[in-house]
Amino acid sequence: MAGEDPNTLEEEELAAKIFENFTRETSTPVSAALSTSWFWTRAPPPSLETADTASQPRDAALQAPPKSPQTPCLLVTVEIERQQREPRIGHQYRYTHWEQFLIRANQPPSIPVSGSKRNAAMPLLQIERITPPAAAAQETQHVLKFDSDEVAYRLLFFRDKDKDTSANTSKSSPHAARIEVWQRQQLANGNPSAPHLVRCIPTDRVHGDVYSDALFGGCAYSATQMAFFYVAEQLQPTHPNPALSDQPHINSLTTKTSPEQNTPWPSYSAFRHIDDYGEQFVGKRAPRLYTLEALLHAAADQPATWRVRALRITGAAPAIADADAADPQCRGDVLVWIARQRRTDVPRGHVYCTNRPSVIVVALLERRPIEESESDADGSALVAHVQVVIGADADAPWYYSRTCPRLHSDALLVWAEAPCDAPHCTAHWIIEAPLLLIDEPKRTLRLGPCRRFLAPNGETWPRFGEWPGGFYPLNPARVLLEGADGCFGSEWIVLNAVVGSRARPVLLDRRTGALAFIGESEHACYQRMDQVLAVKRSWLPEPPTDGEAQPQPHPQRLALDIVVGTSMTLLTAPTIELAARLIKEDAADSGTTRTVQCVSEWCFAPSDQCHRMQWCNTEASLGTVTLGYGAANQAYRIGIASLALSAGGWLSSVSTNPPDRFEAIVVAPNRGALLDAHGRVPLVLVLHGGPHACYLANVWNPGVAVLARLGCVLLLPNYRGSLGQGEARLRSLLGKIGEQDVQECVLSMECALENADFWRWFRGEHQPLGDGGRSDNENDGSGTSSGRWYPQWSAIDRRRVGVVGGSHGGFLGAHLSAVRPSVVRAVVLRNPVVDIATMVSQTDIADWCYHECGIEIGLERGVERSTSDSNDGIGDASASSTPGNIHRVPQLAELERMRLCSPISHADRVRAATLLQIGGQDQRVPCSQGFQWARAIRTQAEALRVLFYPRSNHAIEDSPSFDDAWIQCLAWLLKFLPASNADDADDHVRGSASRPA
């Protein structure tokens, strides 16, 4: 019977086993912090001791330097926070563990002078990986942590368990919201020892939850003021409700009641609705800056007093002083943060939206006399006096999105910037400006001339592997690395960028504006790193002599550049990599210009290479990776194909570059668990959302990785409009969703099903291969022989095609099931967009509905425009009494265009078995969208199941909803894309032929 919910208990049991094996083998690093200590010794490397209860490793207790030191050694401790899921019970938790590396800097007999050739016989650095004991890993309960080598304190922020609504902290602290201050004791040789708890400060009566996300969260420290700065939710004041009274009713006005008999009425603010920041920020309405100060006493034996309060901001207009704060950064007395103004003409949704206006505020920290009730014991209080507001210009106020401000050495401010126009994710450029401190007649701060790097060019069509513009993976709010270590000294800025369908660490040369890509000899360390987590330049000390307590700076100004990153693929979880090189800094006669020369090549820490991508050709478009699964290893090939509608499909040469070129990632196993009697495997299209997002071949994706365990071929189209292919291709999708993106997904599917040349290229037979293939083994069981790849399956089964997608990927999946009903057999849609006309009045990003359908409303300019040349009244300023009002009622012509772009317009053609997964707390795509699609296809779909997760948001990432959603997805594909024998395969052909084309 059409539309019934089938029995999938057998498939669910198998899917649960696949998912359990997958989760046990994977964990994801979410952050990394570096700490270093120099010593001179001949002794063997120290080891990591057991961690204490403060989630802090006990640094190795190093012996005193010998009298005749020989080799300088740097002990590098990498503290890593990872995220892990426990199968079966559906628990997701974070834990901290540590890895240590010992770098021995074997100094050459002489350092080459600037401009001379590097000594080829110069000994390289030696790096040893010190394996920590298993007890060093501990589960973390805090939501935010601040730690730095330059600060003697570590802060741990804890959230109130009763008020915790986070989707990924099911195990939270049993205590109230608080800040724990831990202090390290410095030993005689300068190495920090185990910390001890200094103070536990409750914060539930000062502010609400502390922000720990990538958009608003952050913590900074001022060494001159002994103060920390962070972002937390402002407590909303309560006022008596004038409509209610705590007095007795009128018929008992003369009755006297005791206070115990009076029941308090709700306050006025208890019923007041205030807009929050939408998806993933429900209940977050007023992020503000708060400060934690250490007040020292005159008596040295008295401990410091710690106090938490809201930071007082002066010298700025109310629109700046009262704006929402984010991402504070501090160096000395200079405090920088992002200010976001709450505007009625800007949608409330901010996550995944880089086109939200913001400014950067630069302030000087001062202590000023203040009222006794708000002052410290000495009658003063810490004040942030605003000096510069970047972006609050009179001619174009709040028109750009400015994020990620970073204070680097030499009083330099660097940030990322993008226009607030149609695409929700667009290319950013990097801007730097010096901060000029003027002491006379009054201490003030001014912004010097700005320099712009990596400005996007919307008129170019980048080729395969060329720089496409400043596209950054995940959240561009963290484009630049934290603090002063975000640069190598003062000459390089480190970025994690998207280039095509790969993530590539990029070094930006501030002196020339040039980029250093992967593969260049000078920066070959990045060939083994797919993402950079931290960088550091550590200066080499001079060997200590008798009587010296601390080593002195090296007279030749030698230093180690240290890079910590991750090596990963689309299918393998990240592993930590470390590289180092020895450099020398030369100073000019004036003392103002310094040049850096490399003394040694990059040296790497030993690591396990079995799960690293082995690229098989010089163009880096084909690679193999081996995964451990059960008792056997499964080999996969990952390829990045170029396609174009104008070429009719696959482009055999990556040098071919038509304007409509796009890319698709192909993931194929060596052995297929769903192999049928004819040696064919099913094809599953995995469609990303956004639409301005992308899949990356070398970035870990848990959803794709678990789908790959089914043993089917995966196809991931990065259609035009995806990130990393140039600004022109990104904007080409505006006004064409439901048409251009659907056509390119269909083209990718047909190419995988029909094009024999495409699969010859994928097997390595189409073009000569480089040295990246594993040609040393004649046949190692992975299907690779002399750079070629020979899987055990022979073809794709056209009768077994599935589609998986969420959000805009669900939008495309619904379209594909309608436009290709005879091909698509099974569909899994997660919070899909099915009818933009009904979504526009409910979503937290109403501007997305207008822009993507080609209706530009000019929010920031206050003028409505139309991308259509015809005068149909859509987007015309005269058609609305409130130009630029995103909350107005859409016109009938606009609603008609939205409906025509949506898959609901041809829902009657759907025949595929459909699984819908709906989050009840989704603010981005209302849950009514999924239920609307279920009602529209119920009578004609082969099968239909609706899963409703009442506590889940748009991404359905909370536990156990995440686990159940993927288990049900695997079971649905196993049910409707089974490995069939020859007899029932013929029956399936006859059944498919009866479907409408």
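The values are calculated or read from the model by the stated rules, or taken from the named source; none is laboratory data. Everything numeric in this text was worked out from a predicted model, so none of it was measured. Counting neighbours? That spans all protein chains shown, and the Cβs are built from the backbone with ideal geometry, glycine included. Quick note on the areas: whole protein, heavy atoms, side chains included, nothing else; ligands and nucleic acids left out. Shrake-Rupley method; radii C 1.70, N 1.55, O 1.52, S 1.80 Å.
Quick notes on this structure:
- Test result for Ser841, without any contact (Cβ under 8 Å) to a residue 60 or more places away in the chain and either in the same structural domain as Cys927 (by the TED database) or in contact with an Asp or Glu (Cβ under 6 Å, 6 or more places away or on another chain) (or both): yes
- Ala893 open to solvent by less than 30 Å² (accessible area, probe 1.4 Å) and either within 17 Å of Val828 (Cα to Cα) or not hydroxyl-bearing (Ser, Thr, Tyr) (or both): no
- Qualifying position, being modelled with pLDDT of 90 or more and over 30 Å from Leu723 (Cβ atoms), among Arg367, Arg312, Arg331: Arg312
- Which listed residue is assigned by the TED database to the domain that holds Gln740, crowded, with 23+ Cβ neighbours inside 10 Å, under 18 Å from Trp972 (Cα atoms) and modelled with pLDDT under 95, from Asp797, Asp847: Asp797
Per-residue answers, yes or no, for (1) over 27 Å from Arg82 (Cα atoms); (2) open to solvent by 10 Å² or more (accessible area, probe 1.4 Å); (3) modelled with pLDDT under 95:
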{"site": "Arg671", "(1), (2), (3)": "yes, yes, yes"}
{"site": "Leu674", "(1), (2), (3)": "yes, yes, yes"}
{"site": "Ala677", "(1), (2), (3)": "yes, yes, yes"}
{"site": "Asn698", "(1), (2), (3)": "no, no, yes"}
{"site": "Cys712", "(1), (2), (3)": "yes, no, yes"}
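- Among the residues of region 679-695, those that are more than 19 Å from Ser817 (Cα to Cα) and open to solvent by 10 Å² or more (accessible area, probe 1.4 Å) comprise Gly679, Arg680, Gly690, Ala693, Cys694, Tyr695.
- Meets criteria (in a strand (DSSP E or B) and either in the same structural domain as Gly689 (by the TED database) or open to solvent by 30 Å² or more (accessible area, probe 1.4 Å) (or both)) for Ile918: yes
- Condition check for Arg343: touching a residue at least 40 places away in the same chain (Cβ under 8 Å), open to solvent by 40 Å² or more (accessible area, probe 1.4 Å) and in a strand (DSSP E or B): no
- Being open to solvent by 70 Å² or more (accessible area, probe 1.4 Å), in a loop (DSSP other than H, G, I, E, B) and either at pLDDT below 85 or among the basic types (Lys, Arg) (or both) is a description that does not apply to Lys284.
- When we screen Asn475, Asn496 for residues that are under 24 Å from Pro574 (Cα atoms), modelled with pLDDT of 70 or more and open to solvent by 10 Å² or more (accessible area, probe 1.4 Å), the only hit is Asn496.
- Residue satisfying all of: in region 509-534; under 22 Å from the mean Cα position of the chain (by Cα) and in a helix (DSSP H, G or I); modelled with the lowest pLDDT among these: Tyr526
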